[in-house]
Amino acid sequence: MRTLVEVDEFDADVDVPEDGDARTSASVDNAFQALADRTKYLKARHEEVAEDSDARLTIQEAYALALLSGTALERGDYLTLSSLVAAAGFSLADSDQQLVVPAPTGLYLVNIQALITLDTDLADDTSFLKVHSTTSGDISSSISYGARCDIVPGRTFVHHLNTLVNGNIYIKWGTVANTDRTATITQGVLSVRRVT
């Protein structure tokens, strides 16, 4: 009795004995070897698919949900995050103005919905919420993402913003003309889900 050494390859042919071939172990060695090799090959591919599925499931389960708020926000202020509900690895930092994502960082889909009330006594200007992101934790080196919703003064309105972010997340209040305009953010919700 001996043990075949399996090889991780899919043999193209499986040769079997025919009538008249010698009845020896050597006559079936090629067939058994080919089948053993195919078995090892298929098992390895099955394990690769299972690992990939586990990785995708882990990505899909990476999410965070937080409340957004800010009173008398001036241009350049960052909103406060609270009541964080998240998968493992997310946390709040910088006086609850930064959502720290788990390492290693990936690409996250960010969605914001909020009620915003603007002051009415300032000159007309375009105002907006904007997503900033940084992988270093230093907001001075942040990347400003272009997704924004333009806002007209003197109204309370629902603001929606969707963008993709690679790194930790801040939400900033701004104006196009860089004039100071205060605003109050209520009923704000930030949702984040990893997509890669």
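Bridgeable lysines around residue 130 (alpha carbons under 23 Å apart, same-chain partners fewer than 8 residues away excluded): 172.
Computed from the C-beta positions of residue 45 and residue 107, the FRET efficiency with R₀ = 35 Å rounds to 0.80.
Please report the net charge: other residues with Cβ closer than 9 Å to the Cβ of residue 11, K and R +1, D and E -1.
Within the 9 Å Cβ shell, the charges total -2.
Taking amide H as placed 1.01 Å from N in the peptide plane, residue 81 has its amide H under 5 Å from the amide H of 97, each at least 5 places away in sequence or on another chain.
Rule-based calculations on the coordinates, nothing more; no lab input. It should be emphasised that the depicted structure is a prediction, and the values quoted were computed from it without experimental measurement. Using ideal geometry, Cβ is built from the backbone for each residue, glycine included, and neighbour counts are taken over all protein chains shown.
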